[in-house]
Amino acid sequence: MEIIQTPLPGVLIIKPTVHEDPRGFFMETYRAESLRAAGVTDNFVQDNHARSVRGVLRGLHYQLQHPQAKICRVASGEVFDVAVDIRLGSPTFGQWFGETLSGENRLQLYIPPRFAHGYVVKSEKVDFLYKCSDYHYTDDGHGVLWSDPQLGIPWNMPDTILSDKDRRYLPLADVPRELLPRYAP
């Protein structure tokens, strides 16, 4: 397993070692000691699996009282996956990093707690899997507008399919400051 630093401190690309032969392949998708060596010490408590069709955009989501670190991967299909630093006082506040995750490239994205997260489906359908370091609490769900012009995320999907909730989120500059996490170095 190779851990690759990204331009956004704390956000990591995880490149598993894949053993392939004519029968198929095998790979470890999670190994705590390898991640711990890279500074990831989160205790993951929940696994999620979402299936979506082309154009579905989910995000940009976060929890405030129960912040979640996430390890995201795609079993089949392709997404553009994005992490946004929304921590007040962070030197990288308002910056984002995105990576294409697919069943073919088998890359994973580690997103630290207190970052917003979202993805758009690029293939006909996708099976998106992610580990979380805290449980999902519906009443603690918050978000940032996916199309915030100040963030300038190039989703490159002309016809997005959004939930009503995701349509109503505010741009980062308009989110009340008490609804944003704080940076703690």
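The values are calculated or read from the model by the stated rules, or taken from the named source; none is laboratory data. Source: prediction; values computed, not measured. Note: ideal-geometry Cβ built from the backbone for every residue, glycine included; neighbour counts use all protein chains shown.
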Those residues of the stretch 161-178 that are surrounded by fewer than 13 Cβ atoms within 10 Å (Cβ to Cβ) and not in a loop (DSSP other than H, G, I, E, B) come to a total of 8
Scanning the stretch 114-145 for residues that are closer than 18 Å to Tyr30 by Cα and polar (S, T, N, Q) gives Ser133
If we ask which residues in the stretch 1-40 are closer than 17 Å to Ser133 by Cβ, at pLDDT 90 or above and more than 17 Å from the chain's Cα centre (by Cα), their number turns out to be 6
Scanning the stretch 23-66 for residues that are part of a loop (DSSP other than H, G, I, E, B) and basic (Lys, Arg), the one surrounded by the most Cβ atoms within 10 Å (Cβ to Cβ) turns out to be Arg54
Checked pairs for the stretch 85-105, first without any contact (Cβ under 8 Å) to a residue 12 or more places away in the chain, second crowded, with 17+ Cβ neighbours inside 10 Å, C-beta under 8 Å and 6 or more apart or across chains, list as none
Those residues of the stretch 106-126 which are closer than 18 Å to Ile13 by Cβ and either without any contact (Cβ under 8 Å) to a residue 12 or more places away in the chain or of a type in the set (Ser, Thr, Tyr) (or both) amount to Tyr110, Tyr119
When restricted to Asp174, Asp164, Asp159, the only residue at pLDDT below 95, acidic (Asp, Glu) and more than 18 Å from the chain's Cα centre (by Cα) is Asp159
Looking across the stretch 42-89 at residues that are within 10 Å of the chain's Cα centre (by Cα) and of a type in the set (A, V, I, L, M), the single one that is nearest to Phe128 (Cα to Cα) is Ile71
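Yes/no matrix, rows are residues, columns are (1) within 25 Å of Tyr169 (Cβ to Cβ); (2) touching a residue at least 40 places away in the same chain (Cβ under 8 Å):
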| position | (1), (2) |
| --- | --- |
| Phe26 | no, no |
| Phe44 | no, yes |
| Gly59 | yes, yes |
| Glu78 | yes, yes |
| Phe128 | yes, yes |
| Cys132 | yes, yes |
The stretch 85-160: strands (runs of 3 or more DSSP E) wholly inside it with 1 or more residues that are closer than 30 Å to His19 by Cβ are 96-102, 108-111, 115-121, 125-132
When every residue in the stretch 113-143 that is of a type in the set (A, V, I, L, M) and more than 10 Å from the chain's Cα centre (by Cα) is compared, the one nearest to Gly103 (Cα to Cα) is Val126
Filtering the stretch 132-147 for residues that are of a type in the set (S, T, N, Q) and either surrounded by 13 or more Cβ atoms within 10 Å (Cβ to Cβ) or closer than 16 Å to Ala83 by Cα (or both) leaves a count of 2
Among Ala83, Ala69, Ala75, the single one that is aliphatic (A, V, I, L, M) and surrounded by fewer than 19 Cβ atoms within 10 Å (Cβ to Cβ) is Ala75
